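The values are calculated or read from the model by the stated rules, or taken from the named source; none is laboratory data. In this text, all values refer to a predicted model and were calculated from it rather than measured experimentally. Virtual Cβ from ideal backbone geometry, glycine too; neighbours counted across all protein chains shown.
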Amino acid sequence: MYLDKLKLDGRIAVVTGAGQGIGACCARALAEAGAHVIVVDMLADRVDESVAALKAQGLSAEGSVLDVTDSGQVDAVANEIASRHGSIDILVNNAGVAKSDVPAEETSDEHWRLHMDVNLDGLFWCCRAFGRAMLERGSGSIVNIGSMSGVIVNKPQPQAFYNASKAAVHQLTKSLAAEWGRRGVRVNAVAPTYIETPLTAFGMTENPEMHATWLEMTPMGRVGQPDEIASVVHFLASDAASLMTGSIVMADGGYSCW
């Protein structure tokens, strides 16, 4: 009974930013659970590589190139996928950007807008577009990738723009969950700690002192791996989390405890 709730056989799952890092692992986790996964990324070569890797494992996948900051393009891709597959069961909003270590007073308009355009606006465009198909059918699960940075303020790097964008993702998650809960669509978020991906290279490989601070601030004394977040995403996307909506699941190695 309980293991069956984790199965995603026959479901259609869309994962944004699935060309690398957390997104690629989320795509694999959902595909291994039985879903047909649509790998979405703004770079065609990443889409092709990710889809090829999944198919090499005997998993069901296809790809779609999409810039989530273009709301018109998001609508078009969502409509095309819905018309081709007849339903969209799962949406994982993973596409994001983190160009940190910029003091607030030195943050340009362009730098601020980049993080809001991708992390918040793009995420909402996807929730809105793919959510429509879920609402029409009366079922669906959306999992947003937030951040512990939406709950705490990171040390030592200044990144007010990133923290604000992720805090907004958490509040948006709760707002959509409240609006759509009685219409059969669940909306949850995962709030990861530092995960070993290209986005955290600025602190892990390029700044040893910063990396040391990250570890000192984390009770588990380590950064996370992409597959550890993908496991939480799989759970939230599945029927095992059927009573959960509006939840912000901390996967932070204990960082927020101190």
Out of (1) among the aliphatic types (A, V, I, L, M); (2) in a helix (DSSP H, G or I); (3) touching a residue at least 12 places away in the same chain (Cβ under 8 Å), what's the single condition that is false for Ile152?
(2)
Could you list all residues from the range 133-167 that are within 21 Å of Val40 (Cβ to Cβ) and crowded, with 17+ Cβ neighbours inside 10 Å?
Ala133, Met134, Gly140, Ser141, Ile142, Val143, Asn144, Ile145, Gly146, Ser147, Ser165, Lys166
Name the helices (runs of 4 or more DSSP H) wholly inside the range 36-128 in which the number of residues that are modelled with pLDDT of 95 or more and under 20 Å from Ser147 (Cα atoms) is 2 or more.
109-115
Residue check for Gly23: outside any helix (DSSP H, G or I) and either modelled with pLDDT of 95 or more or among the hydroxyl-bearing types (Ser, Thr, Tyr) (or both):
no
Pair list, Cβ under 6 Å, 6 or more apart: the range 69-91 residue within 19 Å of Ala237 (Cα to Cα), other residue buried (at least 20 other Cβ atoms within 10 Å of the Cβ) and aromatic (Phe, Trp, Tyr):
Ala78/Phe130; Ile88/Phe130; Leu91/Phe130
Residues located in the range 26-35, provided they are assigned to a loop (DSSP other than H, G, I, E, B) and either crowded, with 24+ Cβ neighbours inside 10 Å or of a type in the set (Asp, Glu) (or both)
Ala35
Qualifying residues in the range 1-20 (those that are part of a loop (DSSP other than H, G, I, E, B) and small (Gly, Ala, Ser)) - the one surrounded by the most Cβ atoms within 10 Å (Cβ to Cβ):
Ala18
Being touching a residue at least 12 places away in the same chain (Cβ under 8 Å) and surrounded by fewer than 24 Cβ atoms within 10 Å (Cβ to Cβ) is the filter here, so list the residues in the range 46-57 that pass it.
Arg46, Val47, Asp48, Glu49, Val51, Ala53, Leu54, Gln57
Regarding the range 198-216, can at least one residue be identified that is closer than 19 Å to Val118 by Cβ and either aliphatic (A, V, I, L, M) or touching a strand residue (DSSP E or B) at 6+ places or on another chain (Cβ under 9 Å) (or both)?
yes
Tell me which residues, restricted to the range 177-200, are part of a helix (DSSP H, G or I) and either without any contact (Cβ under 8 Å) to a residue 12 or more places away in the chain or closer than 22 Å to Ser100 by Cα (or both).
Glu179, Arg182, Pro198, Leu199, Thr200
